[in-house]
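Since the structure comes first, as structure tokens, the remarks are kept for the end.
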Amino acid sequence: MSTLHYFSSKAGRIVELRLRGLSRHRGRGNPHARHQRTKPRIALLSAMIALFYVAIVIKLVYLGTEKLNDTAIGPAPPQIAWRPDILDRNGEILATDIRTVSMFADPHRIVDVDEAVEKLATLFPDIDRKSLYKKLSDRKSHFAWLERQLTPSQQNQVMKLGIPAVGFRPEVKRFYPGGRTAAHILGYVDVDNRGVAGMEKYIDAQGLSELAATGLATRSELEPLHLSIDLRVQNIVHDVVSDALTTYKSKAAGAVVLDIHTGEVLAMASVPDFDPNDPQATGGDGWLNRMSNGTFEMGSTFKTFSMATAIDTNSVKLTDTFDARDSLHIGRFTIHDDRDVPRRFLTVPEVFRYSSNIGTAKMMQVVGVDAQRDYLTRFGLLTKLQTELPEVKAPTQPRVWSKISSITISFGHGVATTPLQTAVAGAALVDGGELIEPTFLPRTAKEAEKAGHMVVKKTTSDTIRALFKLNGEQGSGKSADVPGFHVGGKTGTANKVIHGVYSHVLSFNAYLAAFPIDKPKYVILSFCDEPLTGEHGLTFATNTAAPMVRDIIRRAAPLLGVQQDFGSNMLVNY
């Protein structure tokens, strides 16, 4: 009985345990019970996902609305520094500022660097991809310039790309409507609108840099800068020298037009040149302003100054004659004349007209080395020219003035000067003997009187003017004649020094001219460097440089107010 009771009790325990297990098993399969248990878990997971997306939205809103302030992108941009307009003497615009924008990025906020590089490279094919990638990958940086001075079209295209952290800053860009026309006079500016060369650099030197630094260089505060340049004449001169470069197959060419009475530069051009709107892409050989920053042996044009020295010192009279029958031997050197020079005694006017090296050398032997050097210094040919243009080169001369150097200098070899300073000295010799430093700014006659000083007697100037007239009508200057404008002057064909030896093929050709020669108002000096051809197939100055002056006067004289005169034009007889 007790055993049965034990068994029954045991069996009941087993049954009870099985029933409890069955009850738990059936509980797992109850949908309502399962839902009650998983509901808190789903709610927790949903809350976590919602918080994650809320965090993303908050970050995107922050990035989208974050103010691009000083702490976000580095140093604060300086106030836009405008430059004054540059105008010609008649008010025509030569240079002005236009509004533009530059593109930058905050690398710290770039999401996908590779995508940003690819998108920008499609719009800017010339951009340096490696440099761009390096800039955008610098997570420590908050500011990097990507492209400066974009056009409105480029800005619009960049905005359509929708690249985060790429923005724009307002800037100004210098614009030169005439392009290359007056490149070497105007100069150019860098990407930050600072003057680098020419009159742009001059403007900065006059205090514009300080104004910009203090934030005072605003457009409304800046008065335009008027130059002495006449844009109409400048266009003509640039056309003529550019044509000479191709027509005469020359290495370089240039010309300047000076107002004799005021020293104002009305036009000046040197080619090759560059476009100041894009100087880096168009520079190269065109960087050099050969008119003021290049020095050359000027050849026989220098005989003008030798003649003036001889006459002004009373060393030589116009009636004197010099034996040009044979070559002149000085030590191991021999001085020759060109084959067109008569082999006989020559008067002083004939020495000038025929451009006799022998006659000029013998004339200078009478003058002496000291007087020659003193007068060339008076003429400003041995010292650096003083003017507003920054690019001015000092002339070269022998360290020791020997007898032979004095003689070669007398006909244009041994001293190298800039074409501009040669023109200035020439203007003094046909304008009553008064030397006036050149200016690229407007100058009145009264101001010119204060700026000038006498270098030779008026009678000497009268003689040089008459010799110019003689050569213009009967000598090598005939090819520069323009009927009714009475052009006089002196040509110069100087053999170039190649590897230390004077070449018999390559030359530097120049023509120093004045018109109207009876009462000059303007001086023009043209040059043609290493021409390979010229009028009538010849490469002398009379076939290259002189025709350049003719073409300039023919087109520019009416604009300068010079009236043609077809009256009697008798030569002075000597």
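The values are calculated or read from the model by the stated rules, or taken from the named source; none is laboratory data. Predicted model, so just to flag it, every value in this text is computed and none were measured. Because the Cβ atoms are built from the backbone with ideal geometry, glycine has one as well, and the counts that use them run over all protein chains shown.
Tell me which residues, restricted to the range 109-159, are of a type in the set (S, T, Y) and more than 24 Å from D97 (Cα to Cα).
Passing the criteria: T122, S131, Y133, S137, S141.
Across the range 256-272, what is the total count of residues that are out of contact with any helix residue (DSSP H, G or I) (no Cβ under 7 Å at 6 or more places or on another chain) and under 23 Å from C528 (Cβ atoms)?
1
Restricted to the range 180-214, and to residues that are outside any helix (DSSP H, G or I) and not β-branched (V, I, T), which residue is modelled with the lowest pLDDT?
D192
Kindly provide the set of residues from the range 407-431 that are surrounded by fewer than 21 Cβ atoms within 10 Å (Cβ to Cβ) and in contact with a helix residue (DSSP H, G or I) (Cβ under 7 Å, 6 or more places away or on another chain), ordered by number.
G414
Looking only at the range 122-155, which residues are aliphatic (A, V, I, L, M) and touching a residue at least 24 places away in the same chain (Cβ under 8 Å)?
Within the range 122-155, L123, L136, A144, L146, L150 meet the criteria.
From the set of residues in the range 95-144 that are in a loop (DSSP other than H, G, I, E, B) and farther than 30 Å from G195 by Cα, which is nearest to the chain's Cα centre (by Cα)?
D138
Mind checking which strands (runs of 3 or more DSSP E) fall wholly inside the range 263-364 and carry at least 3 residues that are at pLDDT below 95 and not aliphatic (A, V, I, L, M)?
none
Among the residues of the range 265-286, is any more than 19 Å from L94 (Cα to Cα), touching a strand residue (DSSP E or B) at 6+ places or on another chain (Cβ under 6 Å) and among the hydrophobic types (A, V, I, L, M, F, W, C)?
no
Considering the range 451-480 alone, what residues qualify as being surrounded by fewer than 20 Cβ atoms within 10 Å (Cβ to Cβ) and outside any helix (DSSP H, G or I)?
Once the filter is applied, which keeps residues that are surrounded by fewer than 20 Cβ atoms within 10 Å (Cβ to Cβ) and outside any helix (DSSP H, G or I), the range 451-480 yields G452, H453, M454, K457.
Give D529, D518 a once-over and let me know the one that is in the same structural domain as N357 (by TED's automatic domain parsing) and crowded, with 21+ Cβ neighbours inside 10 Å.
Sole residue among the options that is in the same structural domain as N357 (by TED's automatic domain parsing) and crowded, with 21+ Cβ neighbours inside 10 Å: D529.
Every residue, every condition in (1) over 26 Å from E434 (Cα atoms); (2) over 28 Å from the mean Cα position of the chain (by Cα); (3) of a type in the set (F, W, Y); (4) buried (at least 24 other Cβ atoms within 10 Å of the Cβ), yes or no:
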site	(1), (2), (3), (4)
V482	yes, yes, no, no
T491	no, yes, no, yes
L538	yes, yes, no, no
T544	yes, no, no, yes
V549	no, no, no, yes
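Looking at (1) surrounded by 14 or more Cβ atoms within 10 Å (Cβ to Cβ); (2) modelled with pLDDT of 95 or more, which is the only condition T246 fails?
(1)
Could you go through the range 156-166 and let me know if any residue there is in contact (Cβ under 8 Å) with a residue 60 or more places away in the chain, under 30 Å from I236 (Cα atoms) and in a strand (DSSP E or B).
No.
Working carefully through the options T387, T377, find the one that is closer than 30 Å to H184 by Cα, crowded, with 17+ Cβ neighbours inside 10 Å and within 34 Å of the chain's Cα centre (by Cα).
Selected residue: T387, the only one of T387, T377 that is closer than 30 Å to H184 by Cα, crowded, with 17+ Cβ neighbours inside 10 Å and within 34 Å of the chain's Cα centre (by Cα).
Rundown of residues vs (1) under 23 Å from A423 (Cβ atoms); (2) touching a helix residue (DSSP H, G or I) at 6+ places or on another chain (Cβ under 6 Å); (3) not charged (D, E, K, R), yes/no style:
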residue	(1), (2), (3)
G489	yes, yes, yes
G492	yes, yes, yes
I498	no, no, yes
H504	no, no, yes
F508	yes, no, yes
L532	no, no, yes
A546	yes, yes, yes
